[in-house]
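Visitor: First, the structure itself, so that you have it in front of you.
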Amino acid sequence: MDRSRAVWRGAAGALLLACAAAVAGTGVNIAVDATTAATRGYNQFEGDEAALTDGLYPGNSDGATTFAWPNKGNLTFHFEEPRQVSGLRVYVGENGGGYQATAYLGACLGADGQTDASQAVVVADTVNFDFAENAWAELPFPPETTADFIVLATESGAVFYEVQILSDAAGGPSAVMPATWGAAKLRVR
């Protein structure tokens, strides 16, 4: 009996380590820690920025809502303190396009509703020209990228369901994904 318990405990421990490694390998979504805004003034959008970080997209909910740029536009994500970021994932709807993500230290959203990078340093820049529809678009940053402001830009129209900012930083937010109000409502259904 003691030997079978030891074998079971060993198997359970190995499974726990494998699950922890899988979570650590995918990164933690820290988009919920950022202030999300759409640039204003030059480009119009449809939808609410809050839908981008509610955890809902067509792969996990029939009630997922969209945020759309009819032609082009920028989304900005600002952190109070610099954070280590490994990249972005964007769930794109029917209108797939090309995307660019730029990470900064010191940028801000100006009073005119546009990104002010006059005092900033670009720390990473990546593009995705897969033109994927109804799928995740990946925008990876180089290892050890640290930023406090990220701009996600599209030069063509775009329909987004969800934006995730991934961090593999040890000591960042907990390894448990933060619960969102949208995810909590989904569990009640």
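The values are calculated or read from the model by the stated rules, or taken from the named source; none is laboratory data. On a predicted model such as this, the values are computed, not experimentally measured, just so you know. Because the Cβ atoms are built from the backbone with ideal geometry, glycine has one as well, and the counts that use them run over all protein chains shown.
Visitor: Given (1) over 17 Å from THR36 (Cα atoms); (2) buried (at least 20 other Cβ atoms within 10 Å of the Cβ); (3) among the aromatic types (Phe, Trp, Tyr), where does TYR104 come up short, assuming only one miss?
Guide: Condition (1) is where TYR104 drops out.
Visitor: Please verify whether segment 52-69 includes one or more residues that are of a type in the set (Ser, Thr, Tyr) and closer than 16 Å to ASP33 by Cα.
Guide: Yes - at least one qualifying residue is present in segment 52-69.
Visitor: So in segment 66-76, with the set limited to residues that are among the polar types (S, T, N, Q) and surrounded by 16 or more Cβ atoms within 10 Å (Cβ to Cβ), which one is modelled with the lowest pLDDT?
Guide: Selected residue: ASN74.
Visitor: Give the residue that is farthest from GLY73 (Cα to Cα), with candidates limited to residues of segment 131-154 that are surrounded by fewer than 14 Cβ atoms within 10 Å (Cβ to Cβ) and among the charged types (D, E, K, R).
Guide: GLU144
Visitor: Then there is this: Could you please find all residues in segment 92-137 being in contact with a strand residue (DSSP E or B) (Cβ under 7 Å, 6 or more places away or on another chain), among the acidic types (Asp, Glu) and touching a residue at least 12 places away in the same chain (Cβ under 8 Å)?
Guide: Passing the criteria: GLU94, ASP125, ASP130, GLU133.
Conditions (1) modelled with pLDDT of 50 or more; (2) more than 21 Å from LEU56 (Cβ to Cβ), marked per residue:
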position: ASP125; (1), (2): yes, yes
position: PHE129; (1), (2): yes, yes
position: GLN164; (1), (2): yes, no
position: VAL176; (1), (2): no, no
position: LYS185; (1), (2): no, no
